[in-house]
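Please read the structure below before turning to the comments.
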Amino acid sequence: MKIYRCKERVLIEQDGRFHALAAPSWDDLVAREDLFTFLEDQVEHTQPVTEAVPQNFLAPIGSQEVWAAGVTYFRSRNARMEESKSAGGGDFYDRVYHAERPELFFKASPHRVVGPNAKVAIRDDASWSVPEPELVLYVSPGGKISGYTIGNDMSSRDIEGENPLYLPQAKVYDRSRALGPCLLVANELLPASTEISIDIQRRDESVFSGATRLSEMKRQPEELVEYLYRSSSFPRGCFLLTGTGIVPPDSFTLQPGDQISITIPPIGTLVNQVG
């Protein structure tokens, strides 16, 4: 089932029908270790809403930190190696792709995250910017993968390529992360056949599209979570991006006004505009 964060309530969607939770704390709700069972009980004991549901959903985040895993797909490894070759950093990405320990880094605090249909940003001092479509895990305080959402990891490839140590500047800035449109709550992992796709529209024409599957990931989601939770606590849970396997060609860079649509079928479609 899916849960949507709205301004004054939370909506649960199951079998195409919505059920309302009256003004709950988002943090308290998603931090429950029994989230799936709790939502099932709420659906059973509430009536579906009868009015039309407005689609102005907020990002499915409260006070959670957003973290990210890098170089989890072979395509990403190759792209990172190529962009940083002149800086002498290409070997780093090959090493981390094959290493036992994954690359994990802090991506965003909640105020830098936007929701569906909101504007994402490109840095003023970047000349080569791309979106990175990713499956995002919601992990409970106890380290359980309780849900999934879609993520757009806006990235400045020229800044990171100049020097790998510039990664925080290439990745962490205002409106550099979009999450949504909902949190898919499941009691089992998504299958490896799950597809992630992206389409970028510019003046009503598609200028880039691509797709991959979770089966292309080198690392398992549980492995990434286990490393993230080593010596770290997340009292309200956290979001963890699992990396991207879709990389536009080197000739492509985002422009203001571009519309980015990322689809993961069990979850939905996350749409944002660059602005």
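The values are calculated or read from the model by the stated rules, or taken from the named source; none is laboratory data. Worth saying up front: this structure is predicted, and the values here are computed from it rather than measured. All Cβ positions, glycine included, derive from the backbone under ideal geometry; neighbour counts span all protein chains shown. Please note that ligands, DNA and RNA were not included when accessible areas were found on the heavy atoms of the full protein model with its side chains. Shrake-Rupley method; radii C 1.70, N 1.55, O 1.52, S 1.80 Å.
Output the residues belonging to the range 233-252 that are open to solvent by less than 40 Å² (accessible area, probe 1.4 Å) and in contact with a Ser or Thr (Cβ under 8 Å, 6 or more places away or on another chain).
Hits for the range 233-252 are Gly237, Phe239, Thr242, Gly243, Thr244, Gly245, Ile246, Val247.
Taking the residues in the range 257-275 that are β-branched (Val, Ile, Thr) and not in a loop (DSSP other than H, G, I, E, B) as candidates, determine which candidate is surrounded by the most Cβ atoms within 10 Å (Cβ to Cβ).
Going through the qualifying residues, I end up with Ile262.
Out of the range 30-50, which residues are closer than 19 Å to Leu137 by Cβ and open to solvent by less than 40 Å² (accessible area, probe 1.4 Å)?
Passing the criteria: Val30, Ala31, Leu35, Leu39.
Go through the range 94-104 and report how many residues are surrounded by fewer than 16 Cβ atoms within 10 Å (Cβ to Cβ) and touching a Phe, Trp or Tyr at 6+ places or on another chain (Cβ under 7 Å).
Adding up the residues that qualify gives 1.
If Val225 satisfies all but one of (1) assigned to a loop (DSSP other than H, G, I, E, B); (2) open to solvent by less than 60 Å² (accessible area, probe 1.4 Å), what's the number of the condition it fails?
For Val225, the exception is condition (1).
Condition first: farther than 24 Å from Val225 by Cβ, at pLDDT 95 or above and hydrophobic (A, V, I, L, M, F, W, C). Can you find one or more residues in the range 140-156 that meet it?
Checked against the condition, which is being farther than 24 Å from Val225 by Cβ, at pLDDT 95 or above and hydrophobic (A, V, I, L, M, F, W, C), the range 140-156 yields no hits at all.
If you scan the range 32-62, which residues turn out to be touching a helix residue (DSSP H, G or I) at 6+ places or on another chain (Cβ under 6 Å) and over 19 Å from Gly268 (Cα atoms)?
Hits for the range 32-62 are Arg32, Gly62.
Can you confirm whether Asp158 is open to solvent by 30 Å² or more (accessible area, probe 1.4 Å), of a type in the set (Asp, Glu), outside any strand (DSSP E or B) and under 19 Å from Val274 (Cα atoms)?
So Asp158 fits the description; yes.
For residues that are among the small types (Gly, Ala, Ser) and modelled with pLDDT of 95 or more, tally how many sit in the range 55-106.
Residues flagged as among the small types (Gly, Ala, Ser) and modelled with pLDDT of 95 or more within the range 55-106 amount to 4.
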